[in-house]
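A short write-up of the structure that comes next.
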Amino acid sequence: FVPLRAAGMCMDDVCSINASTGHWEFLPPLSKPRSLATLCVVDGRLFVIGGQHWSGTLCSVEEYVQSERRWVYIPDMPRAVYDRAAVAWEGKLLVIGGSSIQDEDYYVS
């Protein structure tokens, strides 16, 4: 599963590849477009975590409900962060690192 990002745009597209056939397909779109999100699978459950949206950095988490072919929100993370690392560990979703800096201007003289 790959959340797509195009040239600084937030996207709601998610693609899946069948490893046996090499065939790509689109899954239903995310509830909220995002870029720099983190993706992780825990006990067969697929999660998209945080990221950036046009409105700012996100603390929201979406879970894919495969039987219903739709994304649902689960409780938000305590902090809005993008570009994090995540891993499944003992049935838990561990999320670490990332950045909360957004839209800062840098000047060089």
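The values are calculated or read from the model by the stated rules, or taken from the named source; none is laboratory data. Quantities reported herein were computed from a predicted structural model and do not represent experimental measurements. Because the Cβ atoms are built from the backbone with ideal geometry, glycine has one as well, and the counts that use them run over all protein chains shown.
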Quick check, is Val61 of a type outside the set (Phe, Trp, Tyr) and surrounded by fewer than 18 Cβ atoms within 10 Å (Cβ to Cβ)?
no
Based on what the data block shows, is Asp103 loosely packed, with under 13 Cβ neighbours inside 10 Å and modelled with pLDDT under 95?
yes
Subset of the range 31-58, residues of a type in the set (S, T, N, Q), within 17 Å of Met9 (Cβ to Cβ) and buried (at least 19 other Cβ atoms within 10 Å of the Cβ), comes to Ser35, Gln52, Thr57
Could you pull out the residue among Gly50, Gly98, Gly44, Gly56 that is in contact with a strand residue (DSSP E or B) (Cβ under 7 Å, 6 or more places away or on another chain) and without any contact (Cβ under 8 Å) to a residue 60 or more places away in the chain?
Gly50
